[in-house]
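**Q** Following this message is one structure expressed as structure tokens.
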Amino acid sequence: MNDATTNVLERAKRVAALARENMARSEELGQLAPPVAEALHSEGLLGMWTPRALRGGLELDPVTSLQVIENVSYGDPSAGWVLMAASLAIGTGGAYLKDEAVKELFSGTRLPVIAGQGTRPGTAVPTKGGFNLSGSWSFASGIKHGTHIHTLGLIDGTHEARIFVLPVGKAKLSDNWDVLGLRATGSIDYTTDNVFV
């Protein structure tokens, strides 16, 4: 194990210890307690699948990624799940969006938190300069910590599938995650109605 791998696993264990201390509070809140959400940022774990070319990107290999998720999940399974889901959306956003969008999303003082759902597509109607997106999606793990949503839409007329990234504030969130376990993942539903993207 090299020094970089050891370092990121130590950071994951610190987050795990904090997540365990806050597990009951996170479950009560229906989202990760603020110190846990902040630790995912401060320890740099949200960038585990973000390209290294972007600030905060670790671009971890598959084995190290699984070890990071395992360590955080050992502290609190909800924290591990939110880390996995958000890191995937952040990383794919950084890797696949156009340069202008990447520059806008990743120009802040820390990584954006992108959450959402890639199933049950909405409808994206082409319009000048973009699309009007409407739909209803479920299981948006980590969206309560999100700055942006990534969500699936089918282009009206062609049925081409695309993932759209938009600010969380453009969607209506439904606080309906009423479950017995993994409550702190905050995997709620959300909708958009003719939102320009």
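The values are calculated or read from the model by the stated rules, or taken from the named source; none is laboratory data. Computed from a predicted structure; not experimentally measured. In this analysis, Cβ positions are derived from the backbone assuming ideal geometry, glycine residues included, and neighbour counts consider all displayed protein chains. We work out accessible area using only protein heavy atoms, side chains counted, and drop any ligands, DNA or RNA first. Shrake-Rupley method; radii C 1.70, N 1.55, O 1.52, S 1.80 Å.
**Q** Please give the helices (runs of 4 or more DSSP H) falling wholly within the range 10-99 in which 1 or more residues are among the basic types (Lys, Arg) and within 26 Å of Leu180 (Cβ to Cβ).
**A** On the way: elements: 23-29, 34-42, 62-75, 77-96.
Qualifying helices (runs of 4 or more DSSP H): 23-29.
**Q** Go through the range 80-125 residue by residue and tally those that are of a type in the set (S, T, N, Q) and over 24 Å from Asp189 (Cβ atoms).
**A** Of the residues in the range 80-125, the ones of a type in the set (S, T, N, Q) are 87, 92, 107, 109, 117, 119, 123.
Next, only the ones that are over 24 Å from Asp189 (Cβ atoms) stay: 107, 109.
Qualifying residue count, the range 80-125: 2.
**Q** Under the condition of being open to solvent by less than 50 Å² (accessible area, probe 1.4 Å) and touching a residue at least 60 places away in the same chain (Cβ under 8 Å), which residue from the range 58-77 is farthest from Ala184 (Cα to Cα)? Reasoning before the result, please.
**A** Narrowing the range 58-77 to residues open to solvent by less than 50 Å² (accessible area, probe 1.4 Å): 58, 60, 64-65, 68-69, 71-73, 75-76.
Filter once more, keeping what is touching a residue at least 60 places away in the same chain (Cβ under 8 Å): 68, 71-72, 75-76.
On the way: Val68: 19, Asn71: 17, Val72: 14, Gly75: 13, Asp76: 9 Å.
Here the answer is Val68.
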